[in-house]
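Down below is the structure, laid out as structure tokens.
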Amino acid sequence: MSEKKANVEAETASAQHYFTLHDNVNGKSYDLPVLEGSEGPRVIDIRTLYRDAGVFTFDPGFTSTASCESGITYIDGENGILRHRGYSIEDLAENSDYLDVCYLLLHGELPSPEEKGDFDQTITSHTMLHEQLNYLYRGFRRDAHPMAVMVGVVGALSAFYHDSTDISDPRQRMTAAHRLIAKMPTIGAYSYKYCMGQPFVYPSNSLSYSENLLKMMFAVPTEEYEVNPVLARAMDRILILHADHEQNASTSTVRLAGSSGANPFACIAAGIASLWGPAHGGANEAVLKMLEEIGSKDQIPNYIKRAKDVKDDYRLMGFGHRVYKNYDPRAKVMRKTCHDVLGELGINDPLLEVAMELERIAVEDDYFVERKLYPNVDFYSGIILKALRLPTNMFTVIFAIARTVGWIAHWKEMMSEGSTKIGRPRQLYVGETERKFTAVDVRESKQSRGWSWLWGGNG
Ligand code: CMC
């Protein structure tokens, strides 16, 4: 190894709880404290590293970086474990309802019967939108993507609810949390109705959270709407399974936005924007598009071949996860729910057959096995939402509704820490070093240099 490069020789000293880093450039060693959480890998505290050693660490995708301390969600990706506040996701999905999980994420404990009653009542009383907000929708094109509408409308909440934007007041922070959890189904359903050209359906306080969401999306003024309990339960499961997932891209976005002191509505709008991408929450929409493109079982080998080709960027959507190197525990629950819904609706969907065959082949194929690429939660949620007759562009909206509680719980946790340090990563600078400015009339003409400047080649 080059002498110029710092040779980081790591040696754990668990007895002293220090991690010793040796720099071959200056011959010095640095003892870094090792932090231990209640579960999970130990964490090297590098906060003084730049001050003491004058070096940064480099971890662009945060694959080895703990960005914060948190007591909300624990994931063990190797063993396929996901727990919220200590309760396994399987247990919660089977035995609780979405608002129970919301309370748990926000407060750290499951609510008592009285607390649950009060919480449900509080959320229900916040479901309506300021009437003026309803007019905001008219500013959007009818063919706008509902996620684009969501980013705009949620960002605009801070212009309407001034009495819950003082982030230094814990009571206002909690009111903002309640408002966001309560209003997201209404905002999401209105985004759908607006794109469909149908009238908005106001929330009904007699219905549960999931029943209400289904009604606001699917009821029309000309017909009675009865909520199917199997579908309401399935929607509730989808919401529970997406409620939180530790420091993923959108949650980290919310935390980073919040670290500057931005108000909670603006932070959640940032989270929605981050969620929209196909590598994150947009994956369930991408799964459906992929299944439609594959079309039939006999085409699957062609797509598997493409996914395995190193020269082809193509990926199987709904497979793989940054953290889970085992079966995503949420996918297991979702798979069952998927069959329940299709059974209830009597749907024999050819896309489901394609999905099942794809899953079978992929989990047996060496390429996927070696890289531990298992179906993730989005693989099945897309099929369920399609069976519920939601258009694909609404899939990520449902994810955003569900994840709002996770975002706001993390934001609240961060804001309660007392002093919040603004998130400010550093970089490995690879640009030009200092050079002299040249006046425009003495700069070399690009044409005289030929066309190579256009593509950056050497001519
Ligand atoms: N299809 C084919 N190959 C894949 C896939 C896939 N879906 N995912 C990863 N790989 C390969 C990748 O090409 C690489 O191969 P090699 O080592 O030969 O270069 C290897 O597996 C590792 O991939 P990576 O990109 O280093 O893994 P990552 O942890 O950075 O990416 C991921 C995680 C979720 C972005 C990625 O697996 C992916 O793009 N999956 C498809 C999109 C998707 O389903 N996203 C939803 C994630 S779950 C919902 C959520 O939490 O938001």
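Within the set GLY271, GLY343, GLY277, the sole residue that is of a type in the set (Gly, Ala, Ser) and over 30 Å from THR420 (Cα atoms) turns out to be GLY343. Within the range 290-325, the set of residues being within 12 Å of the ligand (Cβ to nearest atom), under 30 Å from ALA400 (Cα atoms) and of a type in the set (D, E, K, R) comprises ASP313, ARG315, ARG322, LYS325.
Any idea which of ALA307, ALA232 is among the aliphatic types (A, V, I, L, M), open to solvent by less than 20 Å² (accessible area, probe 1.4 Å), assigned to a helix (DSSP H, G or I) and touching a Lys or Arg at 6+ places or on another chain (Cβ under 7 Å)? Sole residue among the options that is among the aliphatic types (A, V, I, L, M), open to solvent by less than 20 Å² (accessible area, probe 1.4 Å), assigned to a helix (DSSP H, G or I) and touching a Lys or Arg at 6+ places or on another chain (Cβ under 7 Å): ALA307. Inclusion of TYR202 among residues that are assigned to a helix (DSSP H, G or I) and surrounded by fewer than 24 Cβ atoms within 10 Å (Cβ to Cβ) is not warranted.
On the given criteria, is ALA243 modelled with pLDDT of 95 or more, surrounded by 20 or more Cβ atoms within 10 Å (Cβ to Cβ) and assigned to a helix (DSSP H, G or I)? In short, no.
Within the range 86-139, the set of residues being of a type in the set (Gly, Ala, Ser), part of a loop (DSSP other than H, G, I, E, B) and either touching a residue at least 40 places away in the same chain (Cβ under 8 Å) or surrounded by 17 or more Cβ atoms within 10 Å (Cβ to Cβ) (or both) comprises SER96, SER125.
Taking the conditions exactly as written (open to solvent by 20 Å² or more (accessible area, probe 1.4 Å) and without any contact (Cβ under 8 Å) to a residue 12 or more places away in the chain), does ARG83 satisfy them or not? In short, yes. Out of the residues in the range 164-193 that are of a type in the set (S, T, N, Q) and over 23 Å from ASN134 (Cβ atoms), which is least open to solvent (accessible area, probe 1.4 Å)? Among residues in the range 164-193 that are of a type in the set (S, T, N, Q) and over 23 Å from ASN134 (Cβ atoms), the one least open to solvent (accessible area, probe 1.4 Å) is GLN172.
If you go through the range 248-289 and keep only what is open to solvent by 20 Å² or more (accessible area, probe 1.4 Å), within 24 Å of GLU357 (Cα to Cα), of a type outside the set (Gly, Ala, Ser) and within 10 Å of the ligand (Cβ to nearest atom), you end up with PRO278, HIS280.
Counting just the residues of the range 329-371 that are open to solvent by less than 40 Å² (accessible area, probe 1.4 Å) and not in a helix (DSSP H, G or I), which one comes out nearest to the ligand (Cβ to nearest atom)? Step by step, filter the range 329-371, then rank; the result is ASP365.
The values are calculated or read from the model by the stated rules, or taken from the named source; none is laboratory data. None of the values given here were measured: they were computed from a predicted structure. When we count neighbours, we look across all protein chains shown, and the Cβ atoms used for this are built from the backbone with ideal geometry, even at glycine. Areas reflect the complete protein model, heavy atoms only, side chains present, ligands, DNA and RNA absent. Shrake-Rupley method; radii C 1.70, N 1.55, O 1.52, S 1.80 Å.
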